[in-house]
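Asker: Mind having a look at this structure? Questions to follow.
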Amino acid sequence: MKYLSTRNPDRPVTLSHALIAGLADDGGLYVPEALPTIDLSRFDGKDDLPAIAAELLAPFFAGDALAAKLGEICAEAFSFDTPLVDLVAQPAQVARAGGRTSLLELFHGPTAAFKDVGASFLAACMARVEHDARNPRTVLVATSGDTGGAVAAAFHRKPGVNVVVLYPQGKVSPLQQKQLTCWDGNVRTFGVRGVFDDCQRMVKEAFADEDWRRQMNLTSANSINIGRLLPQMTYYAAAALWHQRKCGADANFIIPSGNLGNVMACLYARACGLPIGRVVLAVNANRPVVHYLTTGEYRGFSTIPTLANAMDVGDPSNMERLRHLWPDIEQLRHNIQVIQVDDDTIRDTITRGPADWQQIFDPHTTCAIAARETLAAAGNAEDAAHWVVVSTAHPAKFDTIVEPLVGHRIPLPPQLAALMDQPDYSTEIDPTLDALKRAFR
Ligand SMILES: *Cc1c(COP(=O)(O)O)cnc(C)c1O
């Protein structure tokens, strides 16, 4: 399997190349040259994520130097579960419509959000891509909070890779601060005296500085890396297989979406032949996807801040992959559906969660729950089907939003509680590339 840039099909690269490069030279995103059809009998007798991942991802690794290590990569990366939980309580209106709902919980990883899956897998891969032992790679990330924590947790103590995280000092939540600063060894975190845009500018300057880039052997691990997207197919494949074995039907998914990486993974899994039915994107007040589907003209918007802030994206990078998959707008309309959820609805749905669903949802998952209620209210027989709502984060991560609405404290999940006792290893620096370079002299 080779990988092509969305902007130029003429320069195929290997998977290892695509993983290390992140973005193609022409600014495009790497996509598989073709999506394989996977014979479902290959999954017979396979039930856990590492086993399903190894089968699912084998064609995507075929011909690459990492193919021989795929089994151990999957075993190492899929170290936490993604359970599919049937919700027994539903609002009366959903129950009346005859629908059923399950939750695909993707928040049992080290930082309690689904991005742990992609980050862990990419880290397990990068640690195994050939490199010069005297010059380890340095993954450089700027973070406004969440991504940096997931990347740091994933790469901590991985051989042959160092991580440098830049975050805006004092501008992340106390919990995020802990998740960023508790790492020692191969992870170094810098609290930049500035805002997120300063951190991002410093990263851009670092990559543009040829000497330092070579000296540090810089690489990135951002969410457009195909090495983060491919493993995310696994939990869709697993959930669809589990659902098929239990209910004898395809699984329909509702996915809280921003940059569209999680959706792409689901669509790729479906294209490979996994028993996946309908795919609905739940989005917040940011409207690039809705605008594109209704008008057929794509344009980016400036970002609108919402309660589901990890989905605050005005110009989703994976739009380029989506349009590459279905260049024709009619194909896209045929294959996905979008439901938009505003902040008032998010607030209302979180507040009703404990009574109506016997669940506390984080603001992102809440968008998908609200979309699920919208589908039931529409009253179409097929909309009343069984829906799998994708739960992208644990509500305790968004305590400042959720706790006032549900009226009580939410206990931290064990992996986050453990972080709270860790020391702070971060260093404060000025918002310049020189200040960062000085820290490595
Ligand atoms: C990143 C994120 C999303 C959005 O996922 P995309 O792949 O960017 O569409 C949704 N929920 C949470 C909690 C996230 O961190």
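The values are calculated or read from the model by the stated rules, or taken from the named source; none is laboratory data. Because the structure is a prediction, the values reported are computed rather than measured. We place every Cβ from the backbone using ideal geometry, glycine too, and count neighbours over all the protein chains shown.
Asker: Which is under 21 Å from Pro354 (Cβ atoms) and free of Cβ contacts under 8 Å to residues at least 24 places away in the same chain, of Pro404, Pro413, Pro395?
Answerer: Pro404
Asker: Restricting to the stretch 413-438, name every residue that is in contact with a helix residue (DSSP H, G or I) (Cβ under 6 Å, 6 or more places away or on another chain), assigned to a helix (DSSP H, G or I) and farther than 24 Å from Lys204 by Cα.
Answerer: Leu419
Asker: Just need a number here: residues in the stretch 354-368 that are surrounded by fewer than 22 Cβ atoms within 10 Å (Cβ to Cβ) and not polar (S, T, N, Q).
Answerer: 4
Asker: Considering only the stretch 339-368, how many residues are over 16 Å from Ile254 (Cα atoms), touching a residue at least 60 places away in the same chain (Cβ under 8 Å) and part of a helix (DSSP H, G or I)?
Answerer: Within the stretch 339-368, residues that are over 16 Å from Ile254 (Cα atoms), touching a residue at least 60 places away in the same chain (Cβ under 8 Å) and part of a helix (DSSP H, G or I) number 2.
Asker: Ok, one more. Which is surrounded by fewer than 18 Cβ atoms within 10 Å (Cβ to Cβ) and in contact (Cβ under 8 Å) with a residue 40 or more places away in the chain, of Ala371, Ala381, Ala377?
Answerer: Going through Ala371, Ala381, Ala377 in turn, just one is surrounded by fewer than 18 Cβ atoms within 10 Å (Cβ to Cβ) and in contact (Cβ under 8 Å) with a residue 40 or more places away in the chain: Ala377.
Asker: Select from the stretch 24-36 the residues that are at pLDDT below 95 and closer than 21 Å to Ala65 by Cβ and list them in ascending order.
Answerer: Those that are at pLDDT below 95 and closer than 21 Å to Ala65 by Cβ: Ala24, Asp25.
Asker: Please enumerate the residues belonging to the stretch 50-90 that are among the small types (Gly, Ala, Ser) and in a helix (DSSP H, G or I).
Answerer: Ala51, Ala53, Ala54, Ala58, Ala65, Ala67, Ala68, Gly71, Ala75, Ala77
Asker: Now for a different question. Please report, ordered by residue number, the helices (runs of 4 or more DSSP H) entirely within the stretch 153-234 with at least 3 residues that are among the polar types (S, T, N, Q).
Answerer: Helices (runs of 4 or more DSSP H) meeting the threshold: 174-181.
Asker: Of all residues in the stretch 91-146, how many are under 30 Å from Ala385 (Cβ atoms), away from the ligand (no atom under 16 Å from the Cβ) and assigned to a strand (DSSP E or B)?
Answerer: Matching residues across the stretch 91-146 total 3.
Asker: Would you pick out the residues in the stretch 133-168 that are surrounded by fewer than 19 Cβ atoms within 10 Å (Cβ to Cβ) and either in contact (Cβ under 8 Å) with a residue 60 or more places away in the chain or within 18 Å of the chain's Cα centre (by Cα) (or both)?
Answerer: Of everything in the stretch 133-168, those that are surrounded by fewer than 19 Cβ atoms within 10 Å (Cβ to Cβ) and either in contact (Cβ under 8 Å) with a residue 60 or more places away in the chain or within 18 Å of the chain's Cα centre (by Cα) (or both) turn out to be Asn135, Pro136.
Asker: Let me ask something additional. Do the conditions hold for Gly45, that is, is it assigned to a loop (DSSP other than H, G, I, E, B) and out of contact with any strand residue (DSSP E or B) (no Cβ under 7 Å at 6 or more places or on another chain)?
Answerer: Taking the combined requirement at face value, the residue satisfies it.
Asker: Which members of the stretch 254-274 meet the condition of being surrounded by fewer than 24 Cβ atoms within 10 Å (Cβ to Cβ), away from the ligand (no atom under 12 Å from the Cβ) and not in a helix (DSSP H, G or I)?
Answerer: Once the filter is applied, which keeps residues that are surrounded by fewer than 24 Cβ atoms within 10 Å (Cβ to Cβ), away from the ligand (no atom under 12 Å from the Cβ) and not in a helix (DSSP H, G or I), the stretch 254-274 yields Cys272, Gly273.
Asker: Criterion first (touching a residue at least 24 places away in the same chain (Cβ under 8 Å), over 18 Å from Leu122 (Cβ atoms) and not small (Gly, Ala, Ser)) does Phe196 satisfy it?
Answerer: yes
Asker: Which ones in the stretch 21-45 are surrounded by fewer than 17 Cβ atoms within 10 Å (Cβ to Cβ) and not aliphatic (A, V, I, L, M)?
Answerer: Passing the criteria: Asp25, Asp26, Gly27, Glu33, Pro36, Thr37, Asp39, Ser41, Arg42, Asp44, Gly45.
Asker: For the stretch 198-222, which positions are within 15 Å of the ligand (Cβ to nearest atom) and either of a type outside the set (Gly, Ala, Ser) or surrounded by fewer than 22 Cβ atoms within 10 Å (Cβ to Cβ) (or both)?
Answerer: Asn222
Asker: Six or more apart or on different chains, Cβ atoms under 7 Å: show the pairs whose first residue is in the stretch 251-269 and within 20 Å of Glu373 (Cβ to Cβ) and whose second is modelled with pLDDT under 95 and near the ligand (Cβ under 6 Å from one of its atoms).
Answerer: That search, which allows pairs on different chains as well, returns Pro256/Met311; Ser257/Met311.
Asker: In this structure, is Asn222 of a type outside the set (D, E, K, R) and in contact with a Ser or Thr (Cβ under 9 Å, 6 or more places away or on another chain)?
Answerer: yes
Asker: Specify the residue that is surrounded by the most Cβ atoms within 10 Å (Cβ to Cβ); the eligible residues are those in the stretch 223-253 that are among the small types (Gly, Ala, Ser) and either at positive phi or away from the ligand (no atom under 13 Å from the Cβ) (or both).
Answerer: Ala237
Asker: Restricting the search to the stretch 69-80, which residues are among the acidic types (Asp, Glu) and within 16 Å of Lys115 (Cβ to Cβ)?
Answerer: Across the stretch 69-80, there are no qualifying residues.
Asker: If you take the residues in the stretch 367-417 that are touching a Ser or Thr at 6+ places or on another chain (Cβ under 8 Å) and hydroxyl-bearing (Ser, Thr, Tyr), which one is farthest from the ligand (Cβ to nearest atom)?
Answerer: Thr400
Asker: If only one of Ala75, Ala123, Ala112 is of a type outside the set (D, E, K, R) and without any contact (Cβ under 8 Å) to a residue 60 or more places away in the chain, which one is it?
Answerer: Of the residues listed, the single one that is of a type outside the set (D, E, K, R) and without any contact (Cβ under 8 Å) to a residue 60 or more places away in the chain is Ala75.
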